[in-house]
Amino acid sequence: MDAEKILNDEKLLRGILRLNAKILGLVLGILMGLVIFIGTNWLLIKGGQMTPDGKYVVGPHLQLLGQFFIGYKVSFLGSIIGFFYGFALGTLCGTAIGWIYNKIVDFRTR
Amino acid sequence: MPLREALQKFKPGVPKEVLDAANDLKYRDFLTVALIINKSEVFPDTWIYIHDPEVKVGRIQNFKNWSPFMVPKPSKTCLGLEYFCFEGDSLWSMPDAELIELAKNELETLGLANKNDVEDGMVARMPKAYPIYDSTFQKSLDVVRQFLNRFDNLQLVGRNGMHKYNNQDHSMLTGILSAENILGANHDLWAINIEQEYHEEMTLEPSEEAVLDKLLPSVFSRMDQLGLATATGSVCGLLIFFATIWLASQGGVASIYLRLLNQYFFGYTVTMKGAFIGMAYGFLWGFLFGWLFAYLRNFFMAYYIYRIKRKAELLTFRDFLDHF
């Protein structure tokens, strides 16, 4: 009865956690997508500044993401495009982390 | 004091029909033969019931499995062989040495331990261990209760004090509540152990158990630190590698900013060679981050499990704590 429960507790604590790679990918994807989406719109709400040559620029540094994410700009449409890029990259990274982790656990517990 | 004896000791004596009712309350007695076994483990249960007609023992307690602190040495086991009997019968009257010998033989017959593994033993006799629920006890008990109800300064508590098959925790609860009654409360002690769950065990449906067996390890198991460290390290390294390669081939303003990474990653540049150096740095930092994350996750999960277990232990005594 109780002794069996203690054995189960030990089994539980000795077990190694497996990650669900798909879920991890989805979570990381949504997080990264939201960071880009909110970050872009935050800069839009905050407003930009005039450059010495008279141009109105919003978020010049974040704009550089456009070099990796083709089509991305610091605009509302760009925030949606950025969300999808962020989601795709996050999903890829999360799934890769989960997959590699599970492979290593399989190897080490074999 | 058992209810029967209490009624017999009343002065002046109780009416005849009440005394007859009290005398109708019967008890079952039992004795325990405790044996010290020279083995660290005999069986995994706290107790087992024996139904083998070849032996007289009815239940065997394994005290060590209730708590490891019940035995002084972890290398030994103390088993309590319980014999259900009546005061004065042949088992009850048997000399201690013979009872120990009987217990040793029965333990060997049951295949639980070798007779030679038994180092020592002792006998404890417990008169009136169980109130007997026979066909007339309820009627007799009602007569006794009706008679005793007239005494405001008398509280009936415990298994034998109420002729009721209370557990130890029920019995202690009746004691606590009776103390409160003396101080002016109006608890109905007979209501205890009627609606409450049987305290010693909680049963789960097989399907619920299967779900728990699957679910619990997926939540509470330890995270492999090396596994997560390697996984995050690999992904971080590859991210920096591909970002560097991409910018090295495309050029543009972003490469100026990416090059700033060399403030942390000495030797890093936005070139092919820099991509490999960045990958190594990325792997290193990702590895450290992943390892630390898994370590902290395991630490806090272990602390959480410890808190849950402590809470569960405290809840066991909830009834008592409520009254302190």
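Just so you know, all these numbers are worked out from the coordinates, no wet-lab data involved. Because the structure is predicted, anything quoted here is derived from the model rather than measured. Every residue, glycine as well, gets a Cβ built from its backbone with ideal geometry; the counts of neighbours run over all protein chains shown.
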Give the peptides B:216-228, B:235-247 in descending order of average Cβ contacts within 10 Å, highest first. B:235-247, B:216-228
In whole Å, what three semi-axes, largest first, describe the equivalent ellipsoid of the range B:17-126 built from its Cα gyration tensor (square root of 5 times each eigenvalue)? 29, 16, 13
Students often check this: by mean Cβ neighbours within 10 Å, which of A:73-82, A:16-25 ranks highest, and how do the rest follow? A:73-82, A:16-25
Cα lying deepest toward the dipole's positive end in the range B:4-70, options B:N65, B:A22, B:H51, charges on Cβ: B:A22
When the helix-only estimate is applied to the protein assembly as shown (DSSP H runs of n ≥ 4, each -39,500 (n - 2.57), divided by the residue count), what is the mean residue ellipticity at 222 nm, nearest 500 deg cm²/dmol? -17500 deg cm²/dmol
By the mean-Cβ-within-10 Å protection proxy, highest first, B:98-109, B:276-287, B:254-265, B:9-20 rank as B:276-287, B:98-109, B:254-265, B:9-20
Peptide-level mean, for B:215-221, of C-beta atoms on other protein chains within 10 Å: 5
Take every Cα pair under 8 Å in chain B that's 6+ residues apart, average their separations, divide by the length, and report that relative contact order as a whole percent. 15 percent
Just want to confirm a number: the relative contact order over chain A, from Cα pairs under 8 angstrom separated by 6+ residues, in percent. 42 percent
Exercise: per-residue mean of other protein chain Cβ atoms within 10 Å, A:92-103: 5
Report the Cα centroid-to-centroid distance between the range B:263-312 and the range B:93-167 in angstrom, as an integer. 61 Å
Among B:S90, B:Y133, B:G290 the positive-end extreme of the charge dipole of chain B (Cβ point charges): B:G290
Could you size up the charge dipole of chain B around its Cα centre, putting +1 on the beta carbon of Lys and Arg and -1 on that of Asp and Glu, and report it in debye to the nearest 20? 1560 debye
Mean Kyte-Doolittle hydropathy of 1.0 or higher plus an axial Cα length of 27 Å or more: which whole DSSP H helices in chain B meet both? B:225-250
What distance in nm lies between label points placed 7 Å from Cα along the C-beta direction at B:M70 and B:Q138? 3.4 nm
Quick one: order B:H51, B:H163, A:H61 by neighbouring beta-carbon count within 10 Å, fewest to most. B:H51, A:H61, B:H163
If contacts are Cα pairs under 8 angstrom and at least 6 residues apart, what is the relative contact order of the range B:233-286 in percent? 56 percent
Number of partner chain Cβ atoms within 10 Å, mean per residue of A:64-71: 4
